[in-house]
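Since the structure comes first, as C-alpha cells, the remarks are kept for the end.
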C-alpha cells in the first residue's frame, strides 16, 4: 500500500468538487434535508391526538406512495443513463427512432415498475403489518397516476440536465426527488410546515397526492380540489419538462455532443 497513490486519488476527488454543484449538493444538502424532514415529522407526532388516529396506517401509506413516486422517476432517469454509460445513446438515435417514442418507452417502463412495486409493497405491508394498501379503493388510481406523471416529469428534467452538462450531473438522477420531499408533505400534513413554506408546498403535484391519501384514510373520499390540483400542476410540469428536454436535445445535437456525452 503506497500513500502517494492514496493521496493522489483523494486529491483527484477533491478537485471534482470545485466546479460541480451536484456533488456539493450531494455532500451538504441531503443531511440538511433529513434533519428538516424528521424534524417536521417529530413536530407533527407531538401535536396530533392519538385518539382515533392510526399513525401506522398513515406512515405506511406514505412510504409506499413515496416508493412508487421514486420508482417512476428512476425508471426514466436510469434507463436514460444506461444508454449513456454504454455509449449507446448516439446509436439509438441514428435509427429512425423519434424522441417521442423514446420518451414513451420510458413512461411505460415507469408504469410497469410502479405496478410491480405496489404489488410487492402492498403484499409485504399486509403480511408484516396487517395494513391493506387497497383500502384506498378507487382513489388509488388517480393517486398512482399522478405520482407516475410527476415522477416522469422529474426524471425527464434530470435527463435534460445530464444532456446539457454531461454525466458530471448524473447525481441528479439518484437524488433529485429528495430536493422536494420535505415540501411534498409525505409523512406529515402541509400544516406541519412553517407558515412561509406552506404556499410553495402546493406547487408540487406530490403534495396534493399525499394530502389526498390522508384525506381518504380519514374520511373515505378524495377531495376534488386536491385531485384537480394534482392534475393541473402535473400538466404544467409535463409541458415544461418535455419542452426543456427537447431544447436540450436540440442543443446537444447542434453542438455535435451526442457522441461526446460522457
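The values are calculated or read from the model by the stated rules, or taken from the named source; none is laboratory data. If you're wondering where the values come from, they're calculated on a predicted model, not measured in any experiment. Reconstructed Cβ throughout: ideal geometry from the backbone, glycine too, with neighbour counts over all protein chains shown.
Taking the stated definitions as given, is residue 215 assigned to a helix (DSSP H, G or I), buried (at least 16 other Cβ atoms within 10 Å of the Cβ), free of Cβ contacts under 8 Å to residues at least 40 places away in the same chain and more than 18 Å from the chain's Cα centre (by Cα)? Working first, answer last.
Working: assigned to a helix (DSSP H, G or I): yes; buried (at least 16 other Cβ atoms within 10 Å of the Cβ): yes; free of Cβ contacts under 8 Å to residues at least 40 places away in the same chain: yes; more than 18 Å from the chain's Cα centre (by Cα): yes.
Yes.
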Could you tell me whether residue 96 is surrounded by fewer than 19 Cβ atoms within 10 Å (Cβ to Cβ), closer than 27 Å to residue 243 by Cα and at pLDDT 80 or above? no
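Okay, residues lined up against (1) in contact (Cβ under 8 Å) with a residue 12 or more places away in the chain; (2) under 20 Å from the mean Cα position of the chain (by Cα); (3) more than 29 Å from residue 250 (Cβ to Cβ):
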position: 96; (1), (2), (3): no, no, no
position: 117; (1), (2), (3): yes, yes, yes
position: 126; (1), (2), (3): no, no, yes
position: 139; (1), (2), (3): yes, no, yes
position: 144; (1), (2), (3): yes, yes, yes
position: 155; (1), (2), (3): yes, yes, no
position: 169; (1), (2), (3): yes, yes, no
position: 189; (1), (2), (3): yes, yes, yes
position: 197; (1), (2), (3): yes, yes, yes
Note on the stretch 225-262: residues surrounded by fewer than 17 Cβ atoms within 10 Å (Cβ to Cβ), modelled with pLDDT under 90 and in a helix (DSSP H, G or I) are 250, 251, 253, 254
